[in-house]
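Worksheet for the structure shown next.
The values are calculated or read from the model by the stated rules, or taken from the named source; none is laboratory data. Just so you know, these numbers come straight off a predicted model, no measurement behind them. So basically every Cβ, Gly included, is an ideal-geometry build from the backbone, and we count neighbours across all protein chains shown. For accessibility, only protein heavy atoms count, side chains too; no ligands or nucleic acids. Shrake-Rupley method; radii C 1.70, N 1.55, O 1.52, S 1.80 Å.
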Amino acid sequence: MKEVLSQQEIDSLLKAINSGQLPTEELTEREDRNKVKPYDFRRPFKLSREYIDSLYMVFENFSKLSSISISNQILTNVDMKIIAIEQISFEEFLRSVPLSTVVGLFRSRPLLSNQLLALSPTLCLQIIELMCGGVSSASYDEANKTDFTDIEITILEEVIIGILKSFTNAWSEILEIETELESVESNPQTVQAISPNEPVVLMTFSVEISEQKNYMNICIPYLSFDNIMDNLSLRNRFQNNQGSMDEYRGLIEKHMMNVTVDVEVGLGKSIITVGDILQLEKGDIIQLDMNINDPLKMYVEEIEYYLVKPGQVDGKLAVEVVEYLEEEGGM
């Protein structure tokens with residue numbers, strides 16, 4: 001609570017103002033600081049910097065996975081990078097993209113509401129050209145492209161499905177999601193799943209194919225993050241990881257014990273000619289580079305790990321470990 005001034009203090013304050021010892025401008029500045037500031041409800045910046053940083057981590061991984069996915073489909077190297085994450089209204093997003101932008105409307109449970117994947121017209125034309133056997137150096141004029149045919153939409157739908165698989169995998173470190181493509185539209189203005197004034201988080205990506213740079217957007221309504229805020233918190237994720245570290249270690253050890261490895265025992269080496277090999281007959285003896293009394297070398301995944309002696313167990317060939325080659329094995 002603010003301190004209440006006494007009458008004597010009030011009189012001293014008024015006297016100081018009248019004498020010029022306390023400028024009235026200073027009082028005005030103090031009053032301005034306490035005034036109510038304007039707030040634009042069309043652009044509510046609700047996600048904190050911590051959550052934005054988490055999204056950058058997710059979509060940097062998404063960029064790498066999508067680059068691989070698109071490259072495999074068009075058989076051309078693709079370099080995708082995230083360049084911005086901003087919070088705007090859906091109406092502002094619609095005004096910023098061309099009318100011929102191809103939009104994939106999808107849902108990712110447990111994220112709430114629908115999300116959008118928007119491919120620029122030039123990027124779509126380039127992908128269609130390459131998937132139909134064209135050259136990567138072709139030039140494209142999106143101004144002359146007002147609509148896409150059903151066949152072109154079908155081609156792009158396959159690419160979008162591959163991108164959405166990367167979207168699902170990119171979220172796996174934060175939470176498990178199930179992504180499903182609901183429809184593909186060739187005009188973003190026809191999308192009615194999101195209200196124009198609804199706040200959205202917009203991720204913008206650069207997509208470079210054969211030195212031609214284009215753009216792709218992912219638009220996620222703020223409502224989608226309502227039930228996963230704890231997952232986006234880096235602090236909570238760190239605490240959860242610390243608490244379950246022993247559990248993870250046990251699972252890793254359990255799975256490691258079931259991993260199969262190749263084990264080989266070398267009897268020795270010998271260098272002979274092809275002519276000698278062709279003349280080999282039953283009963284011939286090949287001289288090796290090892291003494292019969294020397295221990296043999298055991299290899300694990302082609303790396304020397306042990307010295308062993310040959311023998312038999314229950315009528316089957318076996319070896320007995322006599323020495324562990326720590327330095328040679330590199331462990």
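With the checklist (1) surrounded by fewer than 16 Cβ atoms within 10 Å (Cβ to Cβ); (2) at pLDDT 85 or above; (3) within 23 Å of Phe62 (Cα to Cα) in hand, flag the one item Thr149 doesn't pass.
(3)
If Glu211 passes every condition in (1) in contact (Cβ under 8 Å) with a residue 12 or more places away in the chain; (2) under 18 Å from Leu123 (Cβ atoms) but one, which one does it miss?
Every listed condition holds for Glu211 apart from (1).
Which count do you get for residues in region 93-134 that are in contact (Cβ under 8 Å) with a residue 24 or more places away in the chain and open to solvent by 30 Å² or more (accessible area, probe 1.4 Å)?
7
Restricting attention to region 63-108, report how many residues are part of a strand (DSSP E or B) and within 20 Å of Tyr51 (Cβ to Cβ).
Here the count works out to 9.
Would a scan of region 183-198 turn up a residue that is charged (D, E, K, R) and open to solvent by 80 Å² or more (accessible area, probe 1.4 Å)?
So the first thing to find is which residues in region 183-198 are charged (D, E, K, R), and the list is 185, 198.
From the residues that got through so far, the ones that are open to solvent by 80 Å² or more (accessible area, probe 1.4 Å) too are none.
Within region 183-198, not a single residue is charged (D, E, K, R) and open to solvent by 80 Å² or more (accessible area, probe 1.4 Å).
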